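The values are calculated or read from the model by the stated rules, or taken from the named source; none is laboratory data. All values derive from a computational prediction rather than experimental measurement. Quick reminder, even Gly has a Cβ in these numbers, built from the backbone with ideal geometry, and neighbours come from all protein chains shown. Surface areas here come from the heavy atoms of the whole protein model, side chains and all, with no ligands, DNA or RNA. Shrake-Rupley method; radii C 1.70, N 1.55, O 1.52, S 1.80 Å.
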Amino acid sequence: MPDIRFSITDREGETSTIAMGAGDRVKVRITTLSDNTAGRGDFLAEWGLSILVETEDINVLLDTGMRICSSYNADVLGIDLRKVDRIVLSHGHVDHTGGLRNILRRMRKEIEIIAHPDIWAAKYGRRQGYPEQYIGVPYQRCELESLGAIFNLTTEPVRITDTVMTTGEIPMVTDFEEIDAGLFVREDAGWRPDKILDDQALIINSERGLVVVLGCAHRGIINTLYHARQLTGTEKIYLVLGGAHLMNASEDQLRQTIAALRELNIERLGLCHCTDLPATSVIAYEFGESFFFNKAGTGIDLT
Ligand SMILES: [Fe+2]
Ligand SMILES: [Fe+2]
């Protein structure tokens, strides 16, 4: 583990557009609407994540944050959420689904929501040793449907366009990533550990390589990236951003994660949310200029 002795510099560009070069066949703009931290400006922060991906063909919203930040920050940025064509939910936790009702009210239209059926499991988190805090979707399905939601629930990857797809269920293949032991599902028979089978990410296949937008990466950031490569048949991963769920990672897991990220030779890495600040700091130090902190308000252009 490296000693962190560098001084934090003010990298103002993080809160404006990060241009990533010319020549892509697919023009992509990625805007983080909700995160645990907010960039410079009038943005709000919350424990949550919501990322808007705009391509020439389709606009996809991955997750909706915890409460109002995604729609509030969209207003700050002048983004009309009615232009969203699909919503993808990375999993059922409230910090990714809590903004859904507000966003549907704003959209005022029918919209397909792609997610795994397990988003509707009764998800709980451990608090003071007991799995007693409900952390699942905070709405009834019928309420969301009355607001225009059309759920497309599947365990499989969904090819949204030729270049945009979901991962579907993510196989656990590395020996250093495991599911957070503090997560449970309540069933009639009692508690069972939540394997978060609903965890998934969004993939954009650009000519520079894959762009992988993570929700929480509960099944492991490296498992997710390996799966993205396998699904698309594309080795090169150009950009990864979102939550990497390294908040409870051991030093050993963090070290192995960094080694695997290096081996994957990712060009830009914008972690945030449940990566949490200690792991984010180490990764930022390790990856230097390749790393950016993906706060609410960050915009990325692949043009
Ligand atoms: Fe989560
Ligand atoms: Fe999360």
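Below is a table of values for the structure above.
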quantity: Only Lys, Arg (+1) and Asp, Glu (-1) charged, at Cβ; the chain dipole about Cα centre in debye; calculated: 520
quantity: GLN133 long-range amide H proximity, modeled H, under 5 Å; calculated: GLY125, ARG127
quantity: Spin-label model distance (nm) - ILE58 vs ARG127, 7 Å beyond Cα toward Cβ; calculated: 3.7
quantity: Relative contact order computed over the range 161-263 (Cα-Cα under 8 Å; 6+ residues apart), in percent; calculated: 28
quantity: Hull volume in cubic angstrom per residue (convex hull over the Cα atoms of the range 100-180); calculated: 136
quantity: Over 16 Å [Cα-Cα, the range 60-99], rounded percent; calculated: 32
quantity: Å² per residue, accessible surface of the chain at 1.4 Å; calculated: 43
quantity: The range 140-221 shape via C-alpha gyration tensor axes, a/c threshold 1.5; calculated: oblate
quantity: Relative frequency of Cα-Cα separations exceeding 22 Å in the range 214-293, percent; calculated: 13
quantity: Using θ = phi - 60° and Karplus 6.51 cos²θ - 1.76 cosθ + 1.60, couplings along the range 150-164 (whole Hz; Gly, Pro as x); calculated: 10, 7, 10, 9, 8, 8, 8, x, 10, 7, 7, 9, 4, 10, 10
quantity: Rel. contact order, % - alpha carbon contacts under 8 angstrom, at least six apart, the chain; calculated: 22
quantity: Phi to ³J(HN,Hα) by Karplus 6.51 cos²θ - 1.76 cosθ + 1.60 over the range 52-64, Hz, x for Gly, Pro; calculated: 9, 10, 10, 10, 5, 9, 7, 10, 10, 9, 8, 6, 10
quantity: Normalised convex hull volume, the range 148-195, alpha-carbon set, Å³ per residue; calculated: 154
quantity: Evaluated at q = 0.18 Å⁻¹: base-10 log I(q)/I(0), Debye formula over Cα of the range 100-252; calculated: -1.19
quantity: Non-local Lys pairs in the chain, i.e. 8 or more apart or on different chains, that have alpha carbons under 21 Å apart; calculated: 4
quantity: Kirkwood hydrodynamic radius over Cα pairs of the range 53-155, then Stokes diffusion coefficient at 4 °C and 1.567 mPa s, in µm²/s; calculated: 92
quantity: log10 of Debye I(q)/I(0), alpha-carbon scatterers only, for the chain at 0.10, 0.14 Å⁻¹; calculated: -0.49, -1.02
quantity: Cα shape, the range 232-275, gyration tensor, a/c 1.5 rule; calculated: oblate
quantity: Nearest-20 debye value, the range 104-223 charge dipole, Cβ charges on Lys, Arg, Asp, Glu; calculated: 500
quantity: Accessible-area composition of the chain, carbon plus sulfur, in percent [1.4 Å probe]; calculated: 46
quantity: Extension gain from ALA259 to GLU143, taking 0.36 nm per residue of separation minus the Cα-Cα distance; calculated: 37.3 nm
quantity: Gaussian network model of the chain, springs between alpha carbon atoms under 10 Å - residue of GLY41, GLY65, GLY98 with greatest fluctuation; calculated: GLY41
